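Please treat every number below as a calculation from the coordinates, not as lab data. Just so we're clear, the structure is a prediction, and the values are computed from it rather than from any experiment. In this analysis, Cβ positions are derived from the backbone assuming ideal geometry, glycine residues included, and neighbour counts consider all displayed protein chains.
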């Protein structure tokens, strides 16, 4: 179920085992749809979301799954984002309730945006 809370990140590349799951997660949980996919839709090698997430399929036998410190995500409604991410399996980390670890280990820091900053940022054309 998609909700109306919108969020953004400038750009982070992340190696993951299940690219399609992560595509659905960022779209449905945080309102960050994919604008470009490399490879077949059912098994993409890479995908880019509006807002700057680049998902990269882990190489066979590779050890780089979800290798990133964390992703800072500005969101219009922090409490709603925490609720939805938790529903997707996100777990609170020792850093605080707005730091959540996703099922594959990726950590996101959710931050409350102020004013129209999310709408203004999302109005920018990526690499346009």
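How do 42, 116, 18, 77 rank when sorted from fewest to most other Cβ atoms within 10 Å of their own Cβ? Working shown, then result.
Numbers: 42 7, 116 10, 18 15, 77 18.
Listing 42, 116, 18, 77 from fewest to most nearby Cβ atoms yields 42, 116, 18, 77.
For a Förster distance of 30 Å, can you work out the FRET efficiency between the beta-carbons of residue 4 and residue 97, rounded to the nearest 0.05?
My answer for the efficiency is 0.90.
If I take every Cα pair under 8 Å that is 6 or more residues apart in the chain, average their sequence separation and divide by the length, what percent do I get for the relative contact order?
Once normalised by length, the contact order is 26 percent.
Can you compute the modelled spin-label distance between residue 109 and residue 127, with each label point 7 Å from Cα toward Cβ, in nm?
2.7 nm
Of the candidates 57, 87, 13, which one comes out as most mobile in a Gaussian network treatment of the chain with C-alpha springs shorter than 10 Å?
In this elastic network of the chain, the residue with the biggest mean-square fluctuation among 57, 87, 13 is 87.
Consider the candidate values (1) 28, 20, 12; (2) 22, 18, 12; (3) 19, 17, 15; state which one is semi-axes √(5λ) of the Cα gyration tensor in Å computed from the structure displayed.
Calculated semi-axes √(5λ) of the Cα gyration tensor in Å: the matching label is (2).
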